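Colleague: One structure, as structure tokens, below. Some questions next.
Where a number appears in this text, it was derived from the coordinates with a stated rule and is not lab data. It should be emphasised that the depicted structure is a prediction, and the values quoted were computed from it without experimental measurement. Cβ sites come from the backbone with ideal geometry, for glycine too, and all protein chains shown count toward neighbours.
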Amino acid sequence: MSNLAVRLLTAAVFVPLLLLLMYRGPAVGLYALIFVAMLVGTYELFAMTHPGDRISQGIGVVMAAAISLAMYFGGHDPRIVITILAAFPILGPVITLFRLGNIETAAFRALAASVGPLFVAVPITWLAVIRRDVHDGASMIVMTLMFAWFGDTGGYFAGRFLGKHKLYEAVSPKKTVEGAFGSLGGSVIGALLAHFWFLPRIPLAHAIPLALVAGALGQAGDLGESLLKRSTGVKDSGAIVPGHGGILDRIDALILTSTVVYLYTLWIGT
């Protein structure tokens with residue numbers, strides 16, 4: 001089967017289950033699924049930044065778990081949020097001092113250990129917070145997923161059939177300028193579908209700019225993960241999702257799109 005066919009088959013199996021969990025299941029059930037995916041994604045990240053160092057990889061996963069649990073169950077308390085932002089980044093250099101390894105990569109690993117758990121755990125946990133705390137939270141999550149996944153689909157087809165100009169060849173040789181515009185178009189289609197189909201209370205004056213910002217930053221997240229993979233000599237972050245690579249390969253754009261949507265609900269309200 002072609003990679004596209006495997007992707008479509010995988011989506012046909014998992015998307016209905018995800019929708020059922022979001023709309024019919026308890027909020028904590030969705031968080032449990034997100035929590036597991038977040039742990040796997042964090043492990044994949046640390047497997048790239050700390051290859052062969054099982055102890056550091058395990059510490060990274062534990063850090064991400066602690067961050068996610070604190071944000072989900074105590075994120076309403078600003079003291080907890082401030083403590084997370086203050087305490088966890090300083091652990092990176094401390095961990096590296098005890099797990100020195102190759103001195104030439106020590107600075108890279110220290111920064112990865114400081115930022116990596118926060119980068120993966122916080123935005124993905126925000127999806128579960130949206131589901132629990134925001135009116136029509138499940139629909140807001142669907143719109144967020146559409147920004148990322150419709151953008152990915154639009155970029156794929158626009159790049160494949162129209163792509164001529166390289167977007168950022170040093171980081172991702174296959175991505176094109178045409179694909180980038182196709183990706184933005186896919187995100188906007190997601191916003192239109194959300195507004196006219198299942199989330200009419202989000203005005204188009206908000207939905208379309210939100211889609212453009214989330215779509216653009218989602219592409220940046222995709223490129224950022226490509227940069228990490230190329231710099232560490234990895235093709236895919238993992239192989240847990242058939243046709244899609246690893247969990248991190250699937251949520252690289254979602255990390256940024258979920259951040260945009262969460263901040264929208266926080267500052268603009270719904």
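Colleague: If the elastic network links every pair of Cα atoms under 10 Å, which of T83, T144, T96 fluctuates the most in the Gaussian network model of the chain?
Modeller: Residue with maximal mean-square fluctuation among T83, T144, T96: T83.
Colleague: Counting Lys +1, Arg +1, Asp -1, Glu -1, what net charge surrounds A170 among other residues with beta carbon under 14 Å of its beta carbon?
Modeller: With Lys, Arg at +1 and Asp, Glu at -1, the neighbours total +4.
Colleague: Taking semi-axes √(5λ) of the Cα gyration tensor in Å as the quantity of interest, determine which of (1) 40, 26, 16; (2) 29, 24, 17; (3) 31, 23, 14 was computed from the displayed structure.
Modeller: (2)
Colleague: If you don't mind, there's one more thing I want to ask. Read phi for every residue in the range 34-43 and hand back ³J(HN,Hα) as whole Hz from Karplus 6.51 cos²θ - 1.76 cosθ + 1.60, θ = phi - 60°, with x for Gly and Pro.
Modeller: 3J(HN,Hα) across the range 34-43, in whole Hz: 4, 4, 5, 4, 5, 5, 5, x, 5, 4.
Colleague: Give me the extension gain from L85 to F181: residue separation times 0.36 nm, minus the current Cα-Cα distance, reported in nm with one decimal.
Modeller: 31.1 nm
Colleague: Hey, got a sec? Which trypsin sites (Lys or Arg not before Pro) in the range 180-270 land in a DSSP loop and have at most 13 other Cβ atoms within 10 Å?
Modeller: When the trypsin sites (Lys or Arg not before Pro) of the range 180-270 are filtered for loop state and at most 13 Cβ neighbours within 10 Å, R201, K235 remain.
Colleague: May I ask you to evaluate 6.51 cos²θ - 1.76 cosθ + 1.60, the Karplus curve with θ = phi - 60°, for each residue of the range 84-89 and list the ³J(HN,Hα) values in order in whole Hz, giving x for glycine and proline?
Modeller: For the range 84-89, the Karplus curve yields 4, 5, 8, 7, 5, x Hz.
Colleague: Here is a further query. In terms of modelled amide H atoms, which long-range or inter-chain residues lie less than 5 Å from the amide H of V134?
Modeller: Hits under the 5 Å cutoff: none.
Colleague: From the backbone phi of the range 189-196, what are the Karplus-calculated ³J(HN,Hα) couplings (6.51 cos²θ - 1.76 cosθ + 1.60, θ = phi - 60°) in whole Hz, Gly and Pro given as x?
Modeller: So the Karplus estimates, Gly and Pro as x, are 4, x, 5, 5, 4, 4, 5, 8 Hz.
Colleague: How much length is gained on full extension from R230 to A170, taking 0.36 nm per residue of separation minus their Cα-Cα distance?
Modeller: 20.7 nm
Colleague: Could you work out the helix-only [θ] at 222 nm for the chain, with each DSSP H run of four or more residues adding -39,500 (n - 2.57) and the total divided by the number of residues, to the nearest 500 deg cm²/dmol?
Modeller: -27000 deg cm²/dmol
Colleague: Here's another thing I want to ask about it. Pick from V13, V177, V62 the residue whose mean-square fluctuation is largest in a GNM of the chain, springs joining Cα atoms under 10 Å.
Modeller: Answer for the Gaussian network model of the chain: V13.
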